[in-house]
Amino acid sequence: MYETFSFSGESVNCYGLEVVKRVLSRSGIETKPFDPYSNNPVLVSLYWPEQLFDFIKWRYRAEMQGRKVIVGGNFPTTSPSAVAPFCDGIFLGDGELWDGRIEGPFMATRGKPRRRAVAKNIMCFPYEDVQTTRRAFVEISRGCKNKCLFCQYGWLKEYREADIVDIAQAIKTCKTKTIRAFAADRFQHSRYQEIRSILDKKGKCDSGSDVSIRFLLDNPEYLKMTNKVRVGVEGLSQRLRRMILKPYSNEDIIRFCLAVADAGIKCLDWYMIYGLPTENESDVPEFLELMAELDARMPAGYVIAIHWNAFTPSAQTPFQWCAPAPHRPAYMDRVFSWGGNSRIKFYSKPKYTSVWTLKRRMLSLRSSPETAQLSFNFAMKESVFKKTPGLVDSLYKKASGVDLLGSWPTEKPLPWDDYCIYQRESMLKCYEVAMKRNE
């Protein structure tokens, strides 16, 4: 018997845990929601790095003492070194391959690096999530065909597609009218048009919105199959976009945006990153030119919502050695204060990421058994650290030998190297080539 618990914001369910629950059920292992007053072992899912601190506080409540806690999810898979001091087991990778044992080939063990579990066949089923409303999801592929140097999804998860027969069955059994057929880029599924036909025949609507510029430039007819578009532009200039392996020119982006507008889609969402490695003030004019050109050529009144985030180096990606974004780079004020949008509307929300948020992210990402006491103290008394902002920096440097907001020396093992077998050397080559090209 296992109990389950997740840190999923407003959601009452967790997709990764649901996969595990279904796998265990097939083996005759029962699961039920977390009961703080029982003694059963607990399965916990963590996705975002900063959930580490909520997990520590939850783990060390009085009623949790003595209970076994096994952790899985994206964050423990990439940074098991951060979670290991606070749990009894960490499963690395796809939940389809966990058999319920605390020991096994995919369980993290310090000093014995393990490969993560990669399910050849991903489980496909209708998954319902409740936030403000009930929503249904069907996973049609996992991983990403692209290898953007900053992104875990392309490096951590090999690209696989769910079987079309399983997808059809999952869609047919969904109770909601709206379904999100989710994937890194659902249009790139080799049989998406069949998936769309199945949705249409069942009277379902696909609410997915994440797409890629390159695919839709080559296949503009797919724009007829969506009502909303969210796309990763990421870098301020083509130089930066080329560095991260998204080499779109300004003209590529303009052609894409015009195609989206011509398809009758009323607004467009961009994901942008500021503070990418080697970014500087010289990259800004090109982005201002892009906005001015869009302002001149897009339909009057069109809306482009730009969602900014500070660059944060993700574990087990080629940029894992990089420093996070600098503190509020002054040149970004020119982007946020640009006043030329007389015809269309650019909304930049959010804008800057606070330095404190970056410290929380980096402490969780690069935590290890050597810094575990600091992570514990920070989780339990963050307000004390916030009153003396430099304290967490100095204590992390003392425990790890590395600046909390600095780059990680390539000759020094990363915290997760002692737990995980991954493409470290090929990532290092990618990182060194990217930095050399942009010196």
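Of all residues in segment 245-284, which are touching a residue at least 24 places away in the same chain (Cβ under 8 Å), assigned to a loop (DSSP other than H, G, I, E, B) and either in contact with a strand residue (DSSP E or B) (Cβ under 6 Å, 6 or more places away or on another chain) or under 22 Å from Y153 (Cα atoms) (or both)?
Across segment 245-284, the qualifying residues are L245, K246, Y248, G275, L276, P277.
Restricting to segment 86-113, name every residue that is within 23 Å of the chain's Cα centre (by Cα) and among the charged types (D, E, K, R).
D94, E96
Mind checking whether some residue in segment 360-372 is crowded, with 20+ Cβ neighbours inside 10 Å, modelled with pLDDT of 95 or more and touching a His at 6+ places or on another chain (Cβ under 9 Å)?
No, that holds for no residue.
Does at least one position in segment 342-352 carry a residue that is part of a loop (DSSP other than H, G, I, E, B), surrounded by fewer than 13 Cβ atoms within 10 Å (Cβ to Cβ) and within 25 Å of the chain's Cα centre (by Cα)? Before you say what the answer is, go through the steps one by one.
In the first step, residues of segment 342-352 are kept if they are part of a loop (DSSP other than H, G, I, E, B); the result is 342-344, 349-352.
The next check asks that each one be surrounded by fewer than 13 Cβ atoms within 10 Å (Cβ to Cβ); those that pass are 342, 349-350.
Those still in the list that are within 25 Å of the chain's Cα centre (by Cα) too: 349-350.
Yes.
Can you name the number of the only condition in (1) of a type in the set (K, R); (2) within 23 Å of K246 (Cβ to Cβ); (3) outside the structural domain of S249 (by TED's automatic domain parsing); (4) outside any loop (DSSP other than H, G, I, E, B) that K145 fails?
Unmet condition: (4).
For residues in segment 304-356 being in contact (Cβ under 8 Å) with a residue 60 or more places away in the chain and in contact with a Gly (Cβ under 6 Å, 6 or more places away or on another chain), which is nearest to G406 (Cα to Cα)?
Checked segment 304-356; the qualifying residue nearest to G406 (Cα to Cα) is A323.
Residues are listed down the side, and each one gets a yes or a no for (1) at pLDDT 95 or above; (2) farther than 24 Å from E432 by Cα:
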{"position": "C322", "(1), (2)": "yes, no"}
{"position": "K349", "(1), (2)": "no, yes"}
{"position": "W356", "(1), (2)": "yes, yes"}
{"position": "F378", "(1), (2)": "yes, yes"}
{"position": "F385", "(1), (2)": "yes, yes"}
{"position": "P389", "(1), (2)": "no, yes"}
{"position": "S394", "(1), (2)": "yes, yes"}
{"position": "K412", "(1), (2)": "yes, no"}
{"position": "P415", "(1), (2)": "yes, no"}
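The values are calculated or read from the model by the stated rules, or taken from the named source; none is laboratory data. Treat the numbers as computed from the prediction; the structure is a model and nothing was measured. So basically every Cβ, Gly included, is an ideal-geometry build from the backbone, and we count neighbours across all protein chains shown.
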